[in-house]
Amino acid sequence: MEKHQQWLKEQLENPEFAAEFLTAAAEDSEPSVYLSAIRKVARSRGMGKVAEAAGIPKESLSRALSARGNPRWSTLSAVLRASGMKLTVTAI
């Protein structure tokens, strides 16, 4: 499993892959899937760097993105921007 986690971390460093990864996670009906995906993207870019760029203390960001976290929209939006992403909506 560790080999897969390392592979995923490396892939998530690619902005296009990360965007597709987040888009796929957003299609899941379970919000925890999207939260987990954002956490993985933030970790791949360095949680401290993302926290600093988002203007959020690292400990607060880690707590908000944890499996038990319940981040505010402003937190998610700041993390996406700090990770070089933006949210878009398309018609289905």
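Mind checking which residues of the stretch 49-72 are among the hydrophobic types (A, V, I, L, M, F, W, C), under 23 Å from THR88 (Cβ atoms) and in contact (Cβ under 8 Å) with a residue 24 or more places away in the chain?
VAL50, ALA53, ALA54, LEU65 - these are the residues of the stretch 49-72 that are among the hydrophobic types (A, V, I, L, M, F, W, C), under 23 Å from THR88 (Cβ atoms) and in contact (Cβ under 8 Å) with a residue 24 or more places away in the chain.
Having 2 or more residues that are loosely packed, with under 12 Cβ neighbours inside 10 Å is the bar; report the helices (runs of 4 or more DSSP H) wholly within the chain that clear it. Let's see the steps before the verdict.
On the way: elements: 2-12, 15-26, 31-45, 47-54, 58-64, 73-82.
The qualifying helices (runs of 4 or more DSSP H) are 2-12, 73-82.
Just to be sure I understand the filter: pairs with C-beta atoms under 9 Å, separated by 6 or more residues or on different chains, first member in the stretch 19-48 and at positive phi, second member buried (at least 19 other Cβ atoms within 10 Å of the Cβ) and aromatic (Phe, Trp, Tyr). Which pairs pass?
Within 9 Å, no pair qualifies.
Rule-based calculations on the coordinates, nothing more; no lab input. Quantities reported herein were computed from a predicted structural model and do not represent experimental measurements. We place every Cβ from the backbone using ideal geometry, glycine too, and count neighbours over all the protein chains shown.
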